[in-house]
Structures are given as structure tokens and as C-alpha cells.
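Heads up, the thing below is written out as C-alpha cells.
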Amino acid sequence: MLLGCGNMGGALLKAWAANTDHDFTVADPAGPDLPDGVTLVGSVAELGEQHFDYLIVALKPQLIDDVLPDYLPRLKPSGTISSIAAGYSAAKLAAHAPGRSVIRIMPNLPAVIGKGVSGLYAHGSVPEAASSQIEQLASCSGDIVWVDSEDMLDRLTAVAGSGPGYVFEILRAYVEAAEQLGFSGEDARNLVLGTVRGTLELALDSDLSLEQLRNNVTSKGGTTAAGLNALNGQNEFSALIRGTLEAAYGRAVELR
């Protein structure tokens, strides 16, 4: 059962329903549009006598304490709680249901197109069957990385969970700079996104390090060298990226 079904929960559910043979029930009073074959209920009373092997929390963190206790009785004694909610720790989830297995999933935005990177963390003792089942679901929307502590999940959140925001901001600034060089907004966007897409695909298809790939397009004294020197000549950009990740990680720790 999926508890809550907002934008991310809905996108993940679509991938799960299309790529697995599981039966899904969604509890959400807002009545979201759901894939064919998925059951929707607006309250726990509508579940009748149903009980579930998995309860996946896809609520806003501030709603969990109020809503989760109502649905926990519908989780089988051997069932597993999973959560895609950021800023709500596995320890807090476990406190609601002592003795139950808990697995957190931290997806990122590209999961909505099946190109995401999701972090997985198993809290305490989790049966292999449960971890395999959740791993299968997470894999439907992209790559997965298991981490062995909640602190590492917070670090993964800083890198991958928040990462699309950093990339969008870098792209925005890149397009803006291209416009200031004289290109129209449309041409600037096409030039930048096309360059980034091609460069990313080249990196993914290559066995070379990113440093070597960079060096391969950088002639001594040439235009690329001049641009790279302005970008990161004194490691300013490297320091900025490190500071970005550290700030996001620090905030993730505060929200636990």
C-alpha cells in the first residue's frame, strides 16, 4: 500500500505498476489519477479487512506523525515500512512500529522519467526478501545505491537527491551567459543543452576519467584552456561545489 500519492509518489507508482506484477493500493483523500489496476481509497475505513505486506510512506514529512498511525494496523506483523519522504528518519518510522522492518528510499527528480538515482537504507534487521522487493521497486525508476547508515543517506541526498537542482541552476547560468554573448534565448538553450547532453553521453560511454576527457578537449593556450582557467583556475569552482554539498548535507542532518 502506498500512503499518499503526490508528484514523486505518483511518478514512482507509475513505474512500479508498469514494470512489476504487484497489486497496489493507494490511500489518498485527494483522489489522484492512478495507473490502471491500482486501487484508490480515501480513508482507512475503506480498506475493509485488508492487510498488506508493505506500507510505503509517500507523505509530506509534516503529515507522517498524524497519518501513519491510522494505517499501521493494516500492515501485517511481518510487514515492512518503507518511505520516500525526505527529512523523516528511519528511527522515527521505527518508533511508530517497534519490531517492524524499515527501509528508506531517497529518489531524485529524474526518477520520474526512469533515469533517477535512488539511495536505499535498511534500518536495523531487515529480511532479505523485503530488501530485495524494495530494491526491485526502486530499480524501476533508475539506478540504485545501498548505503549502510542514515548519515550516508543524508550525504547521498546532498549529492543526488538535491543534485538536479544544482544542475538546473548551472544550466540556467550557462544559458544566460550564452545569451549575453549575443545568442537568442532559444539558440542559447539549444546550444547549452545540446552540448551538455552530448558531453554526458560521451562520458557515460567512455572508460576514461573525467579529468582525462577534459584534457582531451583542452589545447594548451587555446580557447577551452582560457575558459577553464576563468572557471576554476584557482579551484574556485571546486570549492563552490564542495560548499554546496556540505550545505545540503548539513541541512539534511538538521531535518532528521
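The values are calculated or read from the model by the stated rules, or taken from the named source; none is laboratory data. Model, not experiment: these values are computed from the prediction. Because the Cβ atoms are built from the backbone with ideal geometry, glycine has one as well, and the counts that use them run over all protein chains shown. These accessible areas exclude ligands, DNA and RNA; they are computed on the full protein's heavy atoms, side chains included. Shrake-Rupley method; radii C 1.70, N 1.55, O 1.52, S 1.80 Å.
Some notes on this structure:
- Folded to 0 to 90 degrees: helix 223-232 orientation relative to the chain principal axis, Cα: 50
- Between the beta carbons of residue 136 and residue 65, assuming R0 = 25 Å, the FRET efficiency works out to 0.30 to the nearest 0.05.
- Net lengthening on full extension, residue 231/residue 143 (0.36 nm per residue, minus Cα-Cα): 28.6 nm
- Value of relative contact order over the chain, rounded to a whole percent, pairs C-alpha under 8 Å and six or more apart: 13
- Nearest 10 degrees, 0 to 90: helix 7-19 Cα axis against the chain principal axis: 80
- With only the Cα atoms considered, the stretch 1-138 has a convex hull volume of 103 Å³ per residue.
- Looking at the chain alone, DSSP beta bridges between its own residues are antiparallel in about 20 percent of cases.
- Computed from Cα atoms, the angle from the helix 185-205 axis to the main principal axis of the chain rounds to 80 degrees.
- Once the chain from residue 180 to residue 51 is taken as fully extended at 0.36 nm per residue, the excess over their C-alpha distance is 40.5 nm.
- When peptides 215-224, 239-248 are ranked by their average number of other Cβ atoms within 10 Å per residue, the highest-first order is 239-248, 215-224.
- Average accessible area per residue (Å²) across the chain - probe 1.4 Å, nucleic acids and ligands excluded: 57
- Considering only 174, 202, 249, and ranking their Cα positions along the charge dipole of the stretch 152-256 that arises from unit charges at the beta-carbon of Lys, Arg, Asp and Glu, the one farthest toward the positive end is 249.
- Calculated FRET value between residue 254 and residue 207, using beta carbons and R₀ = 41 Å, to 0.05: 0.55
- As a fraction of the 1.4 Å probe accessible area of the chain, surface on carbon and sulfur atoms comes out at 54 percent.
- Gyration tensor (Cα) of the stretch 1-70, equivalent ellipsoid semi-axes in angstrom: 18, 15, 11
- Prolate/oblate/rounded call for the chain, Cα gyration tensor, a/c under 1.5 rounded: prolate
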